[in-house]
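Derivation of every value follows stated rules applied to the coordinates shown; laboratory data play no part. Values in this document were obtained by computation on a predicted structure and should not be read as measured data. Quick reminder, even Gly has a Cβ in these numbers, built from the backbone with ideal geometry, and neighbours come from all protein chains shown.
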Amino acid sequence: MITYTQLSDDYARIEQVINYLEKNAYRQPSLNEIADRVHLSEYHFQRLFTRWVGISPKRFLQFITKEHAKQLLAKSTSIMEAAYQVGLSSPGRLHDLFITWEAVTPGEYKLRGNGLTISYGFHPTPFGEILLGSTDRGICNLSFVLPDDRLEALNVLHKNWPKARLVENPSITQPLIARIFQPASPSADSPLSLYLSGSNFQLKVWEALLRIPSGNVVSYRDVASYLRSPKASRAVGNALANNPVAVLIPCHRVISSLGEFGH
């Protein structure tokens, strides 16, 4: 039986390790080095850390490394210099890290929409007003707009693509709206293309939602199990919450195990 004293000791160990990793991530410490900090074997430390944090020490270190690299790239640091500053041996390792966590290359992240033109328009729909954003590669935004809140909706679009050029052009977005809300019309002769940015896991969740038949519902756990990550129900929920095109990627078909709809 686990006592409160043991829980307190374990909490202190994890707190110590997290602080250590945040300060020393640039050195990319090994599992053995990290475990030694709290006087545990690699095996027991791995289990303890995963139980408290929810991911392995390696994954946690990757996340810290990736976040630091994002900050450097946002400051116009070169990809090569960013890779070395975060403790990676080559730009190739930084590339692999970004593909795994962000589903974009470091170069694409660094651009943040630079050179990209997003045509947008506000349109009425049966469910309320919608802001649709589209590029020559596909739809990148589809969000409901609260009454008198168009500016906030545009701010969110700009935050997601800070270096893109936003151009109001309803002549481009209106035909897309017509296809979305009248899918049986003669104009719907080819699938709509999406241009999304998200983590690798988010993209997998969104792809899974597209496979749910119309009129059916599944649980967060069902989606997690489909992705072979049965314990990732909460991560599935977070991916749904960050879905930028909820009308096209049907979050409403996913409910909690109690039968309640998500947000």
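For segment 4-111, with only Lys/Arg (+1) and Asp/Glu (-1) charged at the beta-carbon, what is the dipole magnitude about the Cα centre, in debye rounded to 20? Each step should come with its number before you reach the end.
Working: 13 positive and 12 negative charges, 24 e Å.
Using only the charged Cβ atoms, the result is roughly 120 debye.
I'd like the projected area of segment 117-181, averaged over all directions, using the convex hull of its alpha carbons. Report it in nm² with one decimal.
Numbers: hull surface 16.3 nm².
Result: a mean projected hull area of 4.1 nm².
Once you wrap a convex hull around the alpha carbon atoms of segment 4-111, what is its projected area averaged over all directions, in nm²? Each step should come with its number before you reach the end.
Numbers: hull surface 27.4 nm².
Projected over every direction and averaged, the Cα hull of segment 4-111 covers 6.8 nm².
Can you give me the C-alpha center-to-center distance between segment 57-106 and segment 1-51, rounded to a whole angstrom?
23 Å
Show me, bin by bin at 10 Å from 0, the whole-percent P(r) of segment 9-69 based on Cα pairs.
Spelled out bin by bin, segment 9-69 gives 23, 63, 14, 0 percent.
Name the residues whose placed amide hydrogens come within less than 5 Å of the amide hydrogen of Thr125, ignoring near sequence neighbours (fewer than 5 apart) on the same chain.
When sequence neighbours closer than 5 places are left aside, the close amide H contacts are Ile130.
DSSP loop trypsin sites (Lys or Arg not before Pro) in segment 25-105 with at most 16 other Cβ atoms within 10 Å of their Cβ, which ones? Don't skip to the end; give the middle numbers.
Values: sites: Arg27, Arg37, Arg47, Arg51, Lys58, Arg59, Lys66, Lys70, Lys75, Arg93; in loops: Lys75.
Sites meeting the loop and neighbour criteria: Lys75.
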